[in-house]
Every structure is written in C-alpha cells, then in structure tokens.
Amino acid sequence: MLFVTRNRGKLLEAQQIIGNVKNSTITVPEIQSDSLTEIAAESAKYAYEELREPCFVEDSGLFVHDLKGFPGPYSHYAYDTIGLKGILKLMEDRANRGAEFRSVIGYANATEVKTFIGRVYGTITDAPHGDGGFGYDPIFIPLKSAKTFAEDLEQKNKLSHRAISMKALKTHLGYS
Ligand code: IMP
C-alpha cells in the first residue's frame with residue numbers, strides 16, 4: 001500500500017501500525033478547508049489520479065479546546081511558525097488544558113474514495129517532555145497516562161489518533 005506523505009514521523013508510524021507500507025512523496029495540493037475529512041478525501045482523489053495506484057494520504061492536527069480548536073487544520077503551519085513554545089505561551093495560566101489529536105485518512109483506488117477518522121483526548125503540558133515522535137508529541141499527554149507521546153512511543157502507537165485511523169484502513173483493506 002502506498003502512503004503519500006513527506007512526513008517521516010507519519011510514515012514510520014504507518015509502517016508500524018499497518019505493516020507493508022511504501023512511500024510516495026509527490027506533491028499533493030491541499031484544498032483550503034476547515035474540514036480535515038474534506039481535505040483528506042480531495043487529496044486522496046488527486047493522488048490516485050496522479051499515481052494510478054491505490055494509495056492513501058493522512059491529514060491530522062492538534063485541537064486545543066480552550067483555544068477554540070486552534071491550531072487544528074493549521075497545525076503544520078503553527079508548528080513551523082510559533083512552535084511548541086508559542087502554543088505553551090498561549091496556554092499559560094489556563095486551567096482547562098484539554099486537547100485532542102485528530103487524524104483523517106483519505107484512501108482512493110479506481111472505484112472508491114473513503115475516509116477513516118481517529119481521535120485521542122488528552123491534556124497539554126506546561127513544558128515539553130521527551131524527544132521521541134514528532135510535532136506536538138512532547139506537549140501532549142493522553143488521558144489516563146502520566147507520560148507525553150514523546151516519552152512513550154509504544155503507548156502512542158497503541159492508542160493515538162493515527163493508530164485508530166490506520167487500523168480502520170487496515171480492516172477496510174482486509175489486512176490481518
Ligand atoms: P499535516 O497533516 O501534514 O497537515 O500536519 C499536521 C501537523 O499536526 C503536523 O505537522 C504536526 O505538527 C501535527 N501533528 C499531527 N499528528 C501529530 C502527532 O501524532 N504528533 C504530534 N504532532 C502531530
């Protein structure tokens with residue numbers, strides 16, 4: 001199965017969760033939308049038209065509840081600009097530190113375009129912890145845990161937003 005992404009962290013996780021995953025790094029223009037599902041479906045359709053091979057893309061983001069869902073669909077851009085420091089600054093002195101990661105996979109072949117969603121709830125830390133994973137992993141602790149995703153990648157690959165969406169894709173494809 002072909003995963004169209006330039007994000008090495010996402011690719012490694014897909015390989016661990018699904019197994020046999022190859023990588024394509026073609027450029028897929030991203031439509032402007034507040035809906036991760038719409039973005040993923042359109043990107044998958046585009047990638048299939050280019051590659052003519054069954055393939056999937058993944059769109060994800062961190063949604064911080066007290067920031068009205070920011071950075072959400074702008075997670076990549078926010079990470080590259082204000083970074084972890086900027087998000088922690090916005091969270092300074094906030095009691096409600098609830099957040100969620102969402103992952104939407106868009107899968108396309110000759111006959112269908114499908115989306116698969118995964119979510120994980122947790123909290124934003126006061127400072128970064130751990131150096132595993134990528135992106136916002138050092139500042140996110142999933143519910144019922146004491147460790148950030150960056151501190152415990154095994155935990156991440158079991159219960160993350162991406163683990164959930166990728167397992168749904170795997171089931172759809174009939175992979176064991
Ligand atoms: P995109 O899906 O490539 O637009 O990027 C989403 C952005 O959200 C990534 O660049 C990361 O900054 C962030 N993100 C998505 N998934 C994760 C994750 O599993 N851990 C940490 N950050 C993530």
(message) Just to be sure I understand: with springs between alpha-carbon atoms less than 10 Å apart, which residue in Asp137, Asp66, Asp152 has the highest mean-square fluctuation in the Gaussian network model of the chain?
(response) Asp66
(request) Return one whole number: the accessible area per residue of the chain in Å², for a 1.4 Å probe. (result) 52
(request) List the GluC sites (Glu not before Pro) within the range 78-176 that fall in a DSSP loop (any state other than H, G, I, E or B) and whose Cβ has at most 16 other Cβ atoms within 10 Å. (result) Glu92, Glu112
(message) Which one, Ala40, Ala110, Ala163, has the greatest fluctuation when you compute a Gaussian network model over the chain with C-alpha springs under 10 angstrom?
(response) Ala110
(request) Please work out the Cα convex hull volume for the chain and give it in Å³ per residue. (result) 104
(request) Assign one of three labels to the range 26-130, namely rounded, prolate or oblate, based on the Cα gyration tensor with a ≥ b ≥ c the square roots of its eigenvalues; rounded applies when a/c is under 1.5, prolate when it is not and a/b is larger than b/c, and oblate otherwise. (result) prolate
(request) Given the options Asn20, Asn109, Asn157, state which has the largest fluctuation in a GNM of the chain using a 10 Å cut-off (strictly under) for Cα springs. (result) Asn20
(request) Keeping the other protein chains in place, figure out the carbon and sulfur percent of the accessible area of the range 1-144, with a 1.4 Å probe. (result) 50
(message) With loop defined by DSSP as not H, G, I, E or B, and exposure as at most 11 other Cβ atoms within 10 Å, which is the longest segment of the chain clear of exposed trypsin sites (Lys or Arg not before Pro)?
(response) 69-143
(request) Can you spot the lysines whose alpha carbon is less than 22 Å from Lys22's alpha carbon? Ignore those fewer than 8 places along the same chain. (result) Lys10, Lys45, Lys114, Lys156, Lys158, Lys167, Lys170
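The values are calculated or read from the model by the stated rules, or taken from the named source; none is laboratory data. Treat the numbers as computed from the prediction; the structure is a model and nothing was measured. Reconstructed Cβ throughout: ideal geometry from the backbone, glycine too, with neighbour counts over all protein chains shown. What goes into the accessible areas is simple: the full protein's heavy atoms, side chains included, and nothing from ligands, DNA or RNA. Shrake-Rupley method; radii C 1.70, N 1.55, O 1.52, S 1.80 Å.
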